[in-house]
Amino acid sequence: MWLDASNINANNNSGLNDNNEISSWLDLSANQSNVTQASSESRPKYVANSFNGLAGVRFDGSNDYIWTESSNSLSKATIIVVTKLGNIDFSSSTNSGGAAVSIQQNGSDNFDAIVYHEHGSADRKFMHGSSGNS
C-alpha cells in the first residue's frame, strides 16, 4: 500500500479543495488497497498547503480514521509516516496517546503500529509496537 497526500485521488488532487473531507484515499501501488471512511464525522480532511507548500491530510485527533481490509498475509511490513503534530496539551493528565498508523492481519492478532504517546510522563513520544514486541 502506498498512500501519498500529494496524490489522494490519482489525479494529483485535482478537484479537491482545502478542507474537503476524504471519503476515499487511493492506493498508488499496484495492489488497489484503497482506504475509505463511510462516516462523515470520522473523515480526515484534505489540507492544500499543510507543510512547506505541500498537501496534507488532517485527522482531528478524536475520531478521524481511514480503513481498508486485505486478505494478504502480514508477514513483512515497512511503515513510514511523515507527520506534523498539531497542538497537544502535554500537561493534561487525560491525554494518553493514540496510533499514528496501524496495520493488523484480518482474523489474526498479527499487527504492527507506530504510536504517539501524549502524556507528559512518557519516556518516549513515538514508539513502535507489534505482535510480540513493543
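Coordinate-derived values only; no laboratory data. Quantities reported herein were computed from a predicted structural model and do not represent experimental measurements. Virtual Cβ from ideal backbone geometry, glycine too; neighbours counted across all protein chains shown.
Among the residues of segment 1-29, those that are under 14 Å from VAL47 (Cβ atoms), assigned to a loop (DSSP other than H, G, I, E, B) and of a type in the set (A, V, I, L, M) comprise ILE8, LEU16, ILE22. Within segment 22-42, the only residue that satisfies the criterion of being of a type in the set (D, E, K, R) and either surrounded by 14 or more Cβ atoms within 10 Å (Cβ to Cβ) or on the phi > 0 side of the Ramachandran plot (or both) is ASP27.
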